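Below: the structure, in structure tokens.
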Amino acid sequence: MRPRTNLVIAVVAAAILAAFVFRSFTRQPGHLAASKATVESCTPEAIRQVADALERSVLSANCAKLDKARAETPR
């Protein structure tokens, strides 16, 4: 191949790679539906019913924060 053809292929490959990188950096993560901690959603059965592992861990952490906040409030 001639050097000019190699340069064109390299530039096209770099442009495609740059497009993928730009899209991955500008993409916003999806909203987690089960992350809202309420008394009903903090039961062990409700936490186990969440199918996505990330949502389940976020819900569990939010439930722990809710329990800690309840324990710290004076009655």
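Please specify each residue of segment 22-37 satisfying the condition of being open to solvent by less than 60 Å² (accessible area, probe 1.4 Å) and modelled with pLDDT of 80 or more.
Answer for segment 22-37, where residues must be open to solvent by less than 60 Å² (accessible area, probe 1.4 Å) and modelled with pLDDT of 80 or more: there is none.
When segment 16-34 is examined, which residues are found to be part of a helix (DSSP H, G or I) and not aromatic (Phe, Trp, Tyr)?
Residues satisfying the conditions are 16, 17, 18, 19, 21, 23, 24, 26, 33, 34.
Got a number for residues in segment 35-68 being more than 20 Å from the chain's Cα centre (by Cα), among the small types (Gly, Ala, Ser) and assigned to a loop (DSSP other than H, G, I, E, B)?
Qualifying residue count, segment 35-68: 0.
Return yes when residue 41 is surrounded by fewer than 11 Cβ atoms within 10 Å (Cβ to Cβ) and of a type in the set (Ser, Thr, Tyr) and no when it is not.
Spelling it out, it is not the case that residue 41 is surrounded by fewer than 11 Cβ atoms within 10 Å (Cβ to Cβ) and of a type in the set (Ser, Thr, Tyr).
The values are calculated or read from the model by the stated rules, or taken from the named source; none is laboratory data. Source: prediction; values computed, not measured. Cβ coordinates were reconstructed from backbone atoms using ideal geometry, including for glycine residues, and neighbour counts include every protein chain displayed. The protein model used for the area step is the full one, side chains on, heavy atoms only, and it has no ligands, DNA or RNA in it. Shrake-Rupley method; radii C 1.70, N 1.55, O 1.52, S 1.80 Å.
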